[in-house]
Amino acid sequence: MTHRRAAVIGCGFFSQNHLNAWNDLSERCSIVAVCDIDRAKAEAAARRFGVPKSYTNVDEMLANESLDFVDIATTAPSHLALAEACAAKGVPVIVQKPLAPDWTDARALVAALDRAGLPMMVHENFRFQAPLLRAAELVKSGAIGKVVWGRFSFRTGYDIYAGQPYLAEVERFAILDVGIHVLDVARVFMGEAESVACRTQQVRPGIKGEDHATVLLGHVGGGTSVCEISYASHPEPDPFPFMIFELDGEAGSLRVDAGCKIVWKNASGTHHETAAPEAVAWGSEPWTVVQDSVRATQRHWLDCLDSGAVAATSGHDNLKTFALVEAAYASAASGQIVRPASID
Ligand SMILES: NC(=O)c1ccc[n+]([C@@H]2O[C@H](COP(=O)([O-])OP(=O)(O)OC[C@H]3O[C@@H](n4cnc5c(N)ncnc54)[C@H](O)[C@@H]3O)[C@@H](O)[C@H]2O)c1
């Protein structure tokens, strides 16, 4: 196992989870530098996490530091330029979702890493949440037979604007921010989609983008799924930050609920389990299931660097999810069904 030297770019809201998780993985890598255009944030992160160097300029950091990879945890508009800077220096990257604000930049980012012959991974952490990993294991084992229908639901009234005020300002909001996770999970359980129909709504006053989206996916092989995405719901109890989903298989059904609860049924009977996350010493409720998944995502990246395997959420894999995002926006705008294969 190689011990790696790495840097984190972006020291804002969510990167605190990345930095904590890298600390947990310190036997395998050390964060030797952090970078943020906001000097106070870069310095505060360096102090809090005992990182030796802080920078406000990525080119200066890349010129001064010898790095085995960079973790890009800034918001989407900066991802392409930062990834290109790393690629130019021969440094692999793990990049937060969404990969970019739009399809053109997302493709350009993946192409830049390809041209440089470097591995990359998208920090698409929902797949790595404990209940999803367990549900995927059950489905793969044939517990409910071939999955033919699914409902994937992330509907909350949680005040996400408190931690991420920029979300009120983006024109592509709920689908690009959290719908991208939901669509990715739909791909994991149902396979690729060949048709997308979407309606969006804006419920909260004063925001620029959609805060409700309902997406109907037609999957290759005949499966159907519904993805419900909302930051303006009032469910009781509010499951945030859990995604709830249910699957119908040819031989049974499976449901994942808040609290990491899984219930599945087949000819052998009804089974209840709790797929709790590993303990997170730095965790805080209600985030622990997410925080554990951040660490699991980062562990997967290190595993892939060690083995040379392509990451489950590689750039190319994530472009398939991104095509669903683009197709959903195109469908909402046109009122037509959109084929993801037509996104180019
Ligand atoms: N996977 C998840 O569950 C999850 C949850 C929340 C946020 N996120 C993602 O994490 C990313 C960051 O979100 P956030 O809420 O932490 O944002 P944030 O605005 O709090 O932090 C981003 C930081 O990046 C810095 N930055 C911007 N451009 C930069 C550049 N060119 N060079 C260096 N620093 C730069 C900003 O100054 C800021 O401190 C987003 O892509 C968001 O979608 C993911």
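Scanning the stretch 244-272 for residues that are surrounded by 13 or more Cβ atoms within 10 Å (Cβ to Cβ) and polar (S, T, N, Q), we see that the one that is nearest to Met190 (Cα to Cα) is Ser253.
Considering each residue of the stretch 315-334 in turn, none proves to be assigned to a loop (DSSP other than H, G, I, E, B) and either small (Gly, Ala, Ser) or under 25 Å from Ala6 (Cα atoms) (or both). All conditions in (1) part of a loop (DSSP other than H, G, I, E, B); (2) surrounded by fewer than 22 Cβ atoms within 10 Å (Cβ to Cβ); (3) not aromatic (Phe, Trp, Tyr) hold for Thr74, with the sole exception of (2).
For the stretch 55-73, the set of residues classified as of a type in the set (S, T, N, Q) and within 11 Å of the ligand (Cβ to nearest atom) consists of Thr56, Asn57, listed by residue number. Taken over the stretch 154-169, the residue count meeting the criterion of being under 18 Å from the mean Cα position of the chain (by Cα), within 12 Å of the ligand (Cβ to nearest atom) and either among the β-branched types (Val, Ile, Thr) or loosely packed, with under 11 Cβ neighbours inside 10 Å (or both) is 1. None of Ala45, Ala33, Ala7 is in a helix (DSSP H, G or I) and within 12 Å of the ligand (Cβ to nearest atom) except Ala45.
Out of Ala81, Ala76, Ala111, one residue alone is under 30 Å from Glu326 (Cβ atoms), out of contact with any His (no Cβ under 9 Å at 6 or more places or on another chain), near the ligand (Cβ under 8 Å from one of its atoms) and free of Cβ contacts under 8 Å to residues at least 60 places away in the same chain. It is Ala81.
Every read-out reported here was derived from the displayed coordinates using simple, explicitly stated rules and does not represent laboratory data. Keep in mind the model is a prediction, meaning the values are calculated, not measured. Positions of Cβ are generated from backbone atoms using ideal geometry, with glycine treated the same way; all protein chains shown enter the neighbour counts.
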